[in-house]
Amino acid sequence: MLIHSLIFSVVVFLYDSIITTGEEIRCFWGRKITGAGILFWLNKYIITLFLAWELASGQNMSDKVRTLPLLRSNESTYIIS
């Protein structure tokens, strides 16, 4: 389920990047470098790197989910989907 959340996050980020490209070009490209521009670029590319890293490392996720121990039981149960 975690991988689905990650994929959803990537899709929403890409959608937002696509629909805001025109504003980005108008406001930041070809203009003087300012503090706001630096923050904008850092924010955009740090998120891009984080999502790429998570997608690359998320491929080795296990199908096993550890649940809370049952009442009066000393063993943890595993659910295999």
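Comparison of V10, V65 shows that the only residue that is at pLDDT 60 or above and of a type outside the set (G, A, S) is V10.
Once the stretch 26-43 is narrowed to residues that are of a type in the set (G, A, S) and part of a helix (DSSP H, G or I), the residue that is farthest from S9 (Cα to Cα) is G35. Please identify the pairs in which a residue from the stretch 1-21 that is of a type in the set (V, I, T) has its Cβ atom under 9 Å from the Cβ atom of a residue that is loosely packed, with under 10 Cβ neighbours inside 10 Å, counting only partners at least 6 apart or on another chain. Every condition considered, the pairs that remain are I3/Q59. The residue pairs whose first member lies in the stretch 31-46 and is more than 18 Å from D16 (Cα to Cα), whose second member is of a type outside the set (F, W, Y) and surrounded by 10 or more Cβ atoms within 10 Å (Cβ to Cβ), and whose beta carbons are closer than 8 Å, counting only pairs six or more residues apart or on different chains, are R31/G37.
I46 - would you say it is exposed (fewer than 10 other Cβ atoms within 10 Å of the Cβ) and either part of a helix (DSSP H, G or I) or in contact with a Phe, Trp or Tyr (Cβ under 9 Å, 6 or more places away or on another chain) (or both)? So I46 fails the test.
The values are calculated or read from the model by the stated rules, or taken from the named source; none is laboratory data. As the structure is a computational prediction, the values presented were derived from the model and not from experiment. All Cβ positions, even for glycine, are placed from backbone atoms using ideal geometry, and neighbour counts span all protein chains on display.
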